[in-house]
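See below for the structure under consideration.
A short reminder: the numbers here are calculations on the coordinates, not readings from a lab. All figures in this text were calculated on a predicted structure; none of them were measured in a lab. No Cβ is skipped: glycine too gets one built from the backbone with ideal geometry, and neighbour counts run over all protein chains shown.
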Amino acid sequence: MKATFLDLRRRPGKIMEAIERKEKVTLSKRGQVVAKIVPQEQEERPWDLKKTGAFGLWKDRGDMKDPGQYVRKMRKGRFSDL
């Protein structure tokens, strides 16, 4: 599918439908091709968030066992200063 940046602004749903149909979308601006949108295959995930280390980063911290209590404790001093 060929589309312009104006199409991208005015009809993003049509472009998304083409991507969902696994079509490649070529974006152009003033007649010049500037980008290609290629649908990503499900099997080609370059990373897995659960393996990045961002999840469970603070699992060993004793003061964050209960996140709600930790946040209340953190905010407690702020409101008493008013």
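Values computed for the structure shown
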item: Share, in percent, of DSSP beta bridges within the chain that are antiparallel, nearest 5; result: 60
item: Sites MET74 and ASP48 - FRET efficiency at Förster radius 22 Å, r taken between beta-carbons, to 0.05; result: 0.10
item: Among PRO39, PRO67, PRO12, residue whose mean-square fluctuation peaks in a GNM of the chain (springs only between Cα atoms under 10 Å); result: PRO67
item: Counted charge near GLY53, where neighbours are those whose Cβ lies closer than 14 Å (Asp, Glu -1; Lys, Arg +1); result: +1
item: CD proxy at 222 nm, helix term only [per DSSP H run n ≥ 4: -39500 (n - 2.57); per residue of the chain; nearest 500]; result: -10500 deg cm²/dmol
